[in-house]
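S.K.: The following block contains the structure, expressed as structure tokens.
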Amino acid sequence: MGSLSAGLNIALQSLLTEEGAIQTTSNNIANVNTPGYARQRPDLAETPPVQLGHLTFGTGVELQHVTSLRDSILDLRVNQETQQQGKLNAFLGSAQQIQALFNETSGTGLQSSLTAFFSSVSQLSANPRDLNVRQGVLSAAQNLARAFNQSSSNLVTLQRNVDLAVSQSVTQINTLVAQIAPVNAQVAAAQATGQNAGPFVDQRQQLINQLSSLVDVSTIDAGNGSLTLTTSSGAPLVVGGQSFQLTTQPDPANGLQHVFSQGVDITAKITAGQLAGQLQVRDQEIPSLQKSLDTLAAGLATAVNTQHQAGFDLNGTAGGNFFVPPPVSGAGAASSLTLAITDPNKVAASASGAVGDNANANAILALQNQAVISGQTPLNFYSNLVFKLGNDVSSAQTDQQSGGLVLKQIQNLQGGVSGVDINEEAANLIRFQNAYQASAQVSSVIDTLMQTTINLIR
């Protein structure tokens, strides 16, 4: 094995090995800006030596593997943080739209209408006989009712829009799992045959990262290179080369879409990703606000009606309902709030029935500062409603910012393992090039020696 032919074989094998290393390095450089690409490392290994007598001769080098450099723990952490960011982004996108519906500084919301109503009652107490003032009370009350109606309607519209977004998110999830399944099978097939599965792993990881932004994904190593993907509650998404589609079905009670997996309703079990953020707004934030609006509308209408019935109108007749009585349960009170009277003469400003008496108007005005809505004044109750909404948005923004920083740090760590460094690859390219040229020189020298040997024999 110490012959010239053995040396030539070593040189030729070295040429092939360095050529493969150069190709790997070139591929790294070409993909320096490719999202999700993991740097590949050519793993060179000495081939087994042979022993001839008391001497041991090396047999050269081989390109043993091309390894994609990944840290599975960092990949998992990126997916987890991406899920949380997806949820927060979706929540904020809709919650900020809700917040705009109650932006008092821009003229939306109920505070100005509530204040205007009680202000009109104050004017009535000063001029209880004036029909124009009485009409002003009815107009202010009508505006207040319309504000309640509009706010409730806007929330319903926004809820329907978010519901549509839920269906679209499910469609996106199904598209991604359908793309992941065949790539997952390709990874397993490549590893089973000893091929470099790196490109397929890169593609799969990029798709899983996109899926993580939509839904809570748990990954389970199947042991053969493939992954099993489920939601955090165990609903299957990808098993081997097979994908499992999610479906949506409308709730018979309200028409909102519920998410199903294999016939099981998993809507309440989705905890992260864009879909979870949308469900949180649709099923928690908006219903909570609607309930608060209904409580405010029902409480205000009931309190005003009760006091109005205790007085007398301009004709000396006992007062009736000022607002149409809200439902006993209070549900839908904001959307259905309307006036029960349209004649200004029927506004019961008097407590005694005497013309010019303003005692009952003062009593209605006093409701402004009485705890008639769940132990709070009307304006305080509404202010707390707006404060809670603003606090929810602010907390989500804080979590989004801090989570974004964490995600960025993990991505930087991931880039340190998997990212391509142009300077490092350039140095590797020179190193492999020099080795290739040296091997070519060795091959040329051995070829010359073999020619000389052949000529000597002749």
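Read the figures in this text as sums done on the coordinates, not as results from a lab. These numbers come from a predicted model, not from an experiment. We place every Cβ from the backbone using ideal geometry, glycine too, and count neighbours over all the protein chains shown.
S.K.: Please name whichever of LEU176, ALA318, ALA366 sits farthest to the positive end of the charge dipole of the chain, dipole taken about the Cα centre and charges placed at Cβ: Lys and Arg +1, Asp and Glu -1.
M.R.: Selected residue: ALA318.
S.K.: Over region 76-408, what per residue volume does the convex hull of the Cα atoms give, in whole Å³? Before the final figure, lay out each step's value.
M.R.: Working: hull volume 43.1 nm³, N = 333.
Convex hull of Cα atoms, per residue: 129 Å³.
S.K.: Let me spell out the model: positive unit charges on the Cβ of Lys and Arg, negative unit charges on the Cβ of Asp and Glu, origin at the Cα centre of the chain. What dipole size does that give, in debye rounded to 20? Numbers along the way, then the final one.
M.R.: On the way: 18 positive and 28 negative charges, 153 e Å.
Here the chain has a charge dipole of around 740 debye.
S.K.: If you don't mind, there's one more thing I want to ask. State whether region 360-458 is rounded, prolate or oblate according to the following rule on the C-alpha gyration tensor (a ≥ b ≥ c being the square roots of its eigenvalues): a/c under 1.5 gives rounded; otherwise a/b larger than b/c gives prolate, and the remaining case gives oblate. Walk me through the numbers on the way to the answer.
M.R.: On the way: a/c = 12.49, a/b = 10.97, b/c = 1.14.
Prolate, because a/c is 1.5 or more and a/b exceeds b/c.
S.K.: Taking the beta-carbon count within 10 Å as an exposure proxy, list ILE266, ILE430, ILE457, ILE446 from fewest neighbours to most.
M.R.: Working: ILE266 17, ILE430 11, ILE457 6, ILE446 20.
Ordered by Cβ neighbours within 10 Å, fewest first: ILE457, ILE430, ILE266, ILE446.
S.K.: Here is a further query. With 10 angstrom as the radius, rank ARG77, ARG204 by how many other C-beta atoms surround their C-beta, starting from the fewest.
M.R.: ARG77, ARG204
S.K.: Under 17 Å between alpha carbons, and skipping anything fewer than 8 positions from LYS408 in its own chain: which aspartates and glutamates qualify?
M.R.: ASP71, ASP75, GLU81, ASP399
S.K.: Same structure again: For the chain, what is the relative contact order in percent, using Cα pairs closer than 8 Å and at least 6 residues apart in sequence? Numbers along the way, then the final one.
M.R.: Numbers: 741 pairs, mean separation 104.6, N = 458.
About 23 percent, as a whole number.
S.K.: Would you kindly derive the ³J(HN,Hα) couplings of region 311-318 from the backbone phi angles with the Karplus curve 6.51 cos²θ - 1.76 cosθ + 1.60 (θ = phi - 60°), listing them in order in whole Hz, with x for Gly and Pro?
M.R.: x, 10, 7, 5, 8, x, 8, 4
S.K.: Full-extension gain between GLN245 and ASN143, please, as 0.36 nm times their residue separation minus the C-alpha to C-alpha distance.
M.R.: Details: separation 102, 0.36 × 102 = 36.72 nm, distance 4.85 nm.
Working it through step by step, the gained length comes to 31.9 nm.
S.K.: Can you tell me the FRET efficiency between LEU456 and ASN33 if r is taken as the Cβ-Cβ distance and R0 is 51 Å, rounded to the nearest 0.05? Present the calculation step by step, with values, prior to reporting the outcome.
M.R.: Numbers: r = 57 Å, r/R0 = 1.12.
With a Förster radius of 51 Å, E is 0.35.
S.K.: Take the Cα atoms of region 302-342, find their three principal axes, and give me the spread along each one in whole Å, biggest first.
M.R.: 34, 18, 10
S.K.: Given +1 on the Cβ of Lys and Arg, -1 on the Cβ of Asp and Glu, and no further charges, what dipole in debye does region 216-322 carry about its Cα centre, rounded to the nearest 20? Write out the running numbers ahead of the final one.
M.R.: On the way: 3 positive and 8 negative charges, 5 e Å.
Dipole about the Cα centre, nearest 20: 20 debye.
S.K.: Determine which lysines satisfy two conditions relative to LYS388: a Cα distance under 20 Å, and not lying fewer than 8 residues away in the same chain.
M.R.: LYS87, LYS291
S.K.: Over region 217-275, calculate the relative contact order: mean separation of alpha carbon pairs under 8 Å at least 6 apart, over the residue count, as a percent.
M.R.: Working: 80 pairs, mean separation 12.6, N = 59.
With pairs under 8 Å counted, the relative contact order is 21 percent.
S.K.: Moving on to the next point. Starting from the alpha-carbon convex hull of region 97-198, give the projected area averaged over all orientations, in nm². Show your work: numbers first, answer last.
M.R.: Working: hull surface 39.1 nm².
Result: a mean projected hull area of 9.8 nm².
S.K.: Could you give me the radius of gyration and the Dmax of region 226-343, taking only the C-alpha atoms into account and expressing both in angstrom?
M.R.: Taking only Cα atoms of region 226-343, I get Rg and Dmax of 24.0, 85 Å.
S.K.: Counting other beta carbons within 10 Å of each residue's own, what order do TYR436, TYR37 fall into, fewest first? Let's see the in-between values first.
M.R.: Details: TYR436 18, TYR37 22.
Exposure proxy ranking, most exposed first: TYR436, TYR37.
S.K.: Rounded to the nearest 500 deg cm²/dmol, what is the calculated helix-only ellipticity per residue at 222 nm for the chain, with -39500 (n - 2.57) per DSSP H run of length n ≥ 4?
M.R.: Numbers: 11 runs with 271 residues, N = 458.
Helix-only estimate at 222 nm: -21000 deg cm²/dmol.
S.K.: Tell me which of ILE208, THR247, GLN262 sits at the most positive position along the dipole axis of region 76-408, charges placed on C-beta atoms (Lys, Arg +1; Asp, Glu -1).
M.R.: The one lying farthest along the dipole's positive direction is ILE208.
S.K.: Using the alpha carbon gyration tensor of region 272-328, what are the three equivalent-ellipsoid semi-axes (square root of 5 times each eigenvalue), largest first, in whole Å?
M.R.: That gives 41, 7, 6 Å for the three semi-axes.
S.K.: Using only the alpha carbons of region 1-116, what is the convex hull's orientation-averaged projected area in square nanometres? Please list the in-between numbers first.
M.R.: Numbers: hull surface 48.4 nm².
Taking a quarter of the hull surface, the average projection is 12.1 nm².
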